[in-house]
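Taking it in order: structure first as structure tokens, then the write-up.
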There are 2 protein chains.
Amino acid sequence: MRITDVRIHKIAIADPPLRSSYGLHQPYALRTILELQSEDGIVGLAETYGGEAPAAALEALKPRLIGAHALKVTGALMDLVQGSGSGDARSQTMLVPGENPLDANPRTYAAVETACLDLVGKSLGVPLCDLLGTRVRDAVPFSAYPFYKHAGGGGEGDDAREDEYGEALSPEGLVSQVRQMIARYGFKDIKFKAGVLDPEVEIETVRQLRREFQMPVRMDPNSAWTVETSMNVGRTLREELGADSGGYLEDPTASIDGMAAVRTGLLSEGIDVPLASNVAVTCFADLPEAFPKDAVQIVLCDHHYWGGMRLVQQLAKICQTWGIGLSMHSNSHLGISMMAMAQVAAATPHLTYACDTHYPWSQLKDEVVAGGRVPIVDGCVRIPERGGLGVELDHDQVARGRERYAKCPYRKRDDEAEMRKHVDPTWRRILPRW
Amino acid sequence: MRITDVRIHKIAIADPPLRSSYGLHQPYALRTILELQSEDGIVGLAETYGGEAPAAALEALKPRLIGAHALKVTGALMDLVQGSGSGDARSQTMLVPGENPLDANPRTYAAVETACLDLVGKSLGVPLCDLLGTRVRDAVPFSAYPFYKHAGGGGEGDDAREDEYGEALSPEGLVSQVRQMIARYGFKDIKFKAGVLDPEVEIETVRQLRREFQMPVRMDPNSAWTVETSMNVGRTLREELGADSGGYLEDPTASIDGMAAVRTGLLSEGIDVPLASNVAVTCFADLPEAFPKDAVQIVLCDHHYWGGMRLVQQLAKICQTWGIGLSMHSNSHLGISMMAMAQVAAATPHLTYACDTHYPWSQLKDEVVAGGRVPIVDGCVRIPERGGLGVELDHDQVARGRERYAKCPYRKRDDEAEMRKHVDPTWRRILPRW
């Protein structure tokens, strides 16, 4: 299991024009595929953030990877995640996940760890979650993840994709989008990306979702609101998002103090709408500040930027110990990340919500996993009997992803620029907006 | 790596008449050796608490172990450690480690996890710490662990052992004991078991230790003192045990609130003697209470009762995140536990003190590790290049340990009864004593 070759692929995948408080998704989402090949010819895979910087960081690590044992190199590289454990202010309030330079090293480490675990698992014929030693479920539940969106399926020119879901800029549009997703994937939970339209419209959207689907709804405006607006929404949707419903309100407002003000304000009115976060709380150093302030009742983990799978398991134990819920964050991604998310979730006992996933927003046409897309059945991804992540690479598809990357002009995610280009030339991200 | 045979050995090892606030060690310490054999004939080992109850708990688990894959069974058994994560009051104030029924399941799980990891590591030829994925050191520092003791080397009748260290019931006796230990093992730290003699005598002992050896000294009276006495000792030994010295004061008084009173009291006088604990703080549920009260600045981990190696790593991450130190607790043990402690310590980045070990109190005559005792050189145990724990079983020695167990009358640890038998027929453990 000694690593003899390291291959790094920068790819672009068509991404629909999804809206959030960050702005508008570009026509392409960028991803990086990492291959670590052993002397036996077995290849461990990982998928991580895309564009120039993540690939360059992995490239720079090559000398420490070549010749190293896949079971030992994750220890040898621990320096990449140790510093991140304390003291850094790494809020994602203004920076989208994957673009914050302060967690660049944990992101790089996470990709290497995933590929190493995949390599070891494949070498032994053992699923990755069993290497982590604590598999507690064989199928991992994911949520429908509807977005307000403009017409279009993503991609440009010859790559322009079919618009599977159509425009959705109203409550009815969003309900229709979710109906499609549930019909196709069988989701049992809904995570609704808000922070885009007037809060009154988004409140109505949540109500329609609850009425139509009668399943837990989580609402995530990515810090778009003031404390006052957040409290208004919480007050109005106390039943639809309340603890008893299985829902939550995610990052209604910016900062740990802002979140704490919303929570304590609502509680003082007897309203128990739990607050989740992957914006105000994004790293271990945030936890000792956030917990005593009651700023967050659910933390969103994500092995891609929390420093890997083992650190996600450690985060989960922290949350369990402090009585905090754990959910999972997602970015635009393909099947390798899908399986990595499922594997770590399968080995994380304290996972108290269905995970987020952008997977329905990607398409077979862009999938790099051999044999096509990872199946989501009844809202769940099953852990395959195969070793490691359970997926192999389709090299032709990777080549096409590389080509698309070479041809497209995007080198990092910039939702604000895209908003200015297509929606409003004067648009700026203003927080709070409402 | 499917488990086809489970063997459980109850053994007894000669143990010298060591004193602590719990009382007096019996002439034999009891241990359990667990063997998990795979279909390939490879055997994974663990060593845990002894006597009837731990062996019975492992015995009861046999049906869940036989036929299970060594990499999967630790996940399948997670129910044994999940309940322990919250809510249980598991203080070791009155019960010695290993005798608290409330962490019986985590202790059982830990033995199985260790043996499984050993089995996997041996199957792959990979050291156990590399299976844990985060090896950050190749040699693990341990401390000299002097005790006040009566004359005698432990064991009874034909088993009576040579008294390597002699009686030590005075400061001078203790210094002489440490001198012997350092000469033989090269320790660079001293963990001093106090709570036995009058605090004035123990203060003088610490002073002589510091003067003689000029190395960090930790003092552990196992809750023997009142808050007032604890503060007096902290005040008097502010330099000898202060944060700058690398020392600490461990469990001077009982309970989280008692510890908090000592800490805040000393801090209010400008005295920074950090407090460590494995009595007031013994499980994950204790942490959210202890940290905000500043009751503990260092937690002592121990994979044997914290639910295994992975949970120790998670405890370490918690401590790192909250700015709390991490040290390691020890009980009377042989070479299998020694290597297990070294392996988990090697894979625990945030280990801020040399580990405790009772290993010098055991002898070659009782060692069950093939080839004899695990070497401690310059105070450190090196991680061997071999797979798993790095040690194999000497079956003749195990047989002798079983014989000794069968012959001796002890079936559980009871330091109080032993005190009454040999020192004072009216002795009772009184907390606080001073």
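If one takes the longest principal axis of the Cα atoms in chain A, at what angle in degrees, from 0 to 90 and to the nearest 10, does the Cα axis of helix A:199-213 lie?
For helix A:199-213, the angle is close to 70 degrees.
When only the heavy atoms of the protein chains count and the probe is 1.4 Å, how do A:Ser170, A:Ser21 rank by accessible area, highest first?
These residues rank, largest area first, as A:Ser170, A:Ser21.
Per residue of the stretch A:268-279, in order, report the coupling 6.51 cos²θ - 1.76 cosθ + 1.60 (Karplus, θ = phi - 60°) as ³J(HN,Hα) in whole Hz, putting x for Gly and Pro.
5, 9, x, 9, 10, 9, x, 9, 10, 8, 9, 10
Where Lys and Arg each count +1 and Asp and Glu each count -1, what net charge lies around A:Ala243 among other residues with Cβ under 13 Å from its Cβ?
Once all neighbours under 13 Å are counted, the net charge is -1.
Put +1 on the Cβ of every Lys and Arg and -1 on every Asp and Glu Cβ in chain A; which of A:Gly401, A:His350, A:Leu389 then has its Cα farthest towards the positive end of the dipole?
Among A:Gly401, A:His350, A:Leu389, the one farthest towards the positive end of the dipole of chain A is A:Leu389.
How much net charge surrounds B:Leu267 when only the other residues with a Cβ under 13 Å from the Cβ of B:Leu267 are counted, with Lys and Arg +1 and Asp and Glu -1?
+1
Got a sec? Charge dipole of the protein assembly as shown, +1 on Cβ for Lys and Arg, -1 for Asp and Glu; which of B:His304, A:Cys129, B:Met341 is way out at the positive end?
Going by the Cα projections, it comes out as A:Cys129.
Per residue, what volume in Å³ does the convex hull of the Cα atoms of the stretch A:288-434 enclose? Don't skip to the answer; put the middle values down first.
Numbers: hull volume 24.9 nm³, N = 147.
Considering the Cα atoms of the stretch A:288-434, their hull volume per residue is 169 Å³.
Expressed in nm², what is the orientationally averaged projection area of the convex hull enclosing the Cα positions of chain B?
For chain B, averaging the hull's shadow over all directions gives 18.3 nm².
Shielding by partners for B:317-323, please: the mean number of other protein chain Cβ atoms within 10 Å of each residue's Cβ. Let's see the in-between values first.
On the way: counts 9, 8, 0, 5, 11, 6, 4.
Going residue by residue through B:317-323 and averaging, the value is 6.
Only residues of the stretch B:402-422 count here: report those whose backbone N is under 17 Å from the spot 7 Å along Cα→Cβ of B:Lys365, or say none.
Output list for this probe position: B:402-409.
Suppose every Lys and Arg Cβ carries +1 and every Asp and Glu Cβ carries -1, with no other charges. What dipole size does the protein assembly as shown come out with about its Cα centre, to the nearest 20 debye?
620 debye
Ordering B:His333, B:His69 by accessible area with a probe of 1.4 Å, largest first, what comes out?
Reading off the accessible areas and sorting them downward yields B:His69, B:His333.
Ordered shortest first, which distances in nm separate the 7 Å Cα→C-beta label point of A:Glu59 from those of the other copies?
6.4
Within the stretch A:4-40, whose backbone N sits under 15 Å from a point 7 Å along Cα→Cβ of A:Ala151?
A:17
In what sequence, largest accessible area first, do B:Glu403, A:Glu367 appear using a 1.4 Å probe?
Of B:Glu403, A:Glu367, the descending order of accessible area is B:Glu403, A:Glu367.
From zero outward in steps of 20 Å, how is the percent of C-alpha pairs of the protein assembly as shown spread across the bins?
15, 44, 30, 10, 1
Given a Förster distance of 51 Å, report the FRET efficiency between A:Glu385 and B:Glu200 from their Cβ-Cβ distance, rounded to the nearest 0.05. Can you show the working numbers first?
On the way: r = 67 Å, r/R0 = 1.31.
Efficiency, from the Cβ-Cβ distance: 0.15.
What number, in percent, do you get for the relative contact order of the stretch B:369-434 if the mean sequence gap of Cα pairs under 8 Å and at least 6 apart is divided by its residue count?
Computed over the stretch B:369-434, the figure is 21 percent.
I'd like the carbon and sulfur percentage of the solvent accessible area for the protein assembly as shown, probe radius 1.4 Å, heavy atoms only, ligands and nucleic acids excluded.
Exposed carbon and sulfur together represent 50 percent of the surface.
Taking a label point 7 Å out from Cα toward Cβ, give me the nm distances from B:Glu228 to the same spot in the other copies, shortest first, one decimal.
For B:Glu228, the other copies' label points sit at 5.7 nm, shortest first.
With +1 assigned to the C-beta of every Lys and Arg and -1 to the C-beta of every Asp and Glu, and no other charges, what is the dipole magnitude of chain A about the Cα centre in debye, to the nearest 20?
So the magnitude is around 500 debye.
How many nanometers, to one decimal and shortest first, lie between the label point of A:Glu416 and those of its other copies, if labels sit 7 Å from Cα toward Cβ?
Once sorted, the set of distances for A:Glu416 reads 6.7 nm.
Calculate, for B:Asp396 and A:Glu239, the FRET efficiency according to 1/(1 + (r/R0)^6) with r their C-beta to C-beta distance and R0 51 Å; round to the nearest 0.05. Please report the intermediate quantities before stating the final value.
On the way: r = 70 Å, r/R0 = 1.38.
E(calc), rounded to 0.05, equals 0.15.
Which whole number gives the average, over all residues in B:247-253, of C-beta atoms from other chains lying within 10 Å of the residue C-beta?
0
Rounding to the nearest 10 and keeping the result within 0 to 90°, find how far the Cα-based axis of helix B:395-407 lies from the longest principal axis of chain B.
60 degrees
What residues have an amide H closer than 5 Å to that of B:Leu18, excluding those fewer than 5 places away on the same chain, when H is modeled at 1.01 Å from N in the peptide plane?
Distant-sequence amide H within range of B:Leu18: B:His25.
When the convex hull of the Cα atoms of the stretch B:248-331 is projected onto a plane and the area is averaged over all directions, what value comes out in nm²?
5.0 nm²
Restricting to Cα pairs below 8 Å that are 6+ residues apart, what does the relative contact order work out to for the stretch B:102-188? Please round to a whole percent.
The normalised contact order for the stretch B:102-188 reaches 21 percent.
Using the Cβ atoms and a cut-off under 14 Å, what net charge is assigned to the surroundings of B:Leu77, where Lys and Arg are +1 and Asp and Glu are -1?
+3
What ³J(HN,Hα) values, in whole Hz, does the Karplus curve 6.51 cos²θ - 1.76 cosθ + 1.60 give for the stretch A:65-77 when θ = phi - 60°, with x put for Gly and Pro?
Computed from phi, the couplings for the stretch A:65-77 are 9, 5, x, 7, 7, 4, 7, 9, 6, 5, x, 4, 9 Hz.
Each residue of the stretch A:364-369 in order: what ³J(HN,Hα) in whole Hz does its phi give by Karplus 6.51 cos²θ - 1.76 cosθ + 1.60, θ = phi - 60°, with x for Gly and Pro?
After applying 6.51 cos²θ - 1.76 cosθ + 1.60, I find 3, 3, 9, 5, 9, 7 Hz.
Any of A:Lys188/A:Lys365; A:Lys72/A:Lys122; A:Lys72/A:Lys412 with alpha carbons more than 21 Å apart? Name them for me.
Long pairs (Cα-Cα over 21 Å): A:Lys188/A:Lys365; A:Lys72/A:Lys412.
Find the percent of Cα-Cα distances in the stretch B:157-236 that exceed 15 Å, and round it to a whole number.
59 percent
Would you please give the FRET efficiency between B:Glu52 and A:Asp138, computed as 1/(1 + (r/R0)^6) with r the Cβ-Cβ distance and R0 = 22 Å, to the nearest 0.05?
The formula returns an efficiency of 0.05 here.
The values are calculated or read from the model by the stated rules, or taken from the named source; none is laboratory data. Because the structure is predicted, anything quoted here is derived from the model rather than measured. Backbone-built Cβ (ideal geometry, glycine too); neighbour counts: all protein chains shown. Side chains are part of the model used for accessible areas, which takes the heavy atoms of the whole protein and leaves out ligands, DNA and RNA. Shrake-Rupley method; radii C 1.70, N 1.55, O 1.52, S 1.80 Å.
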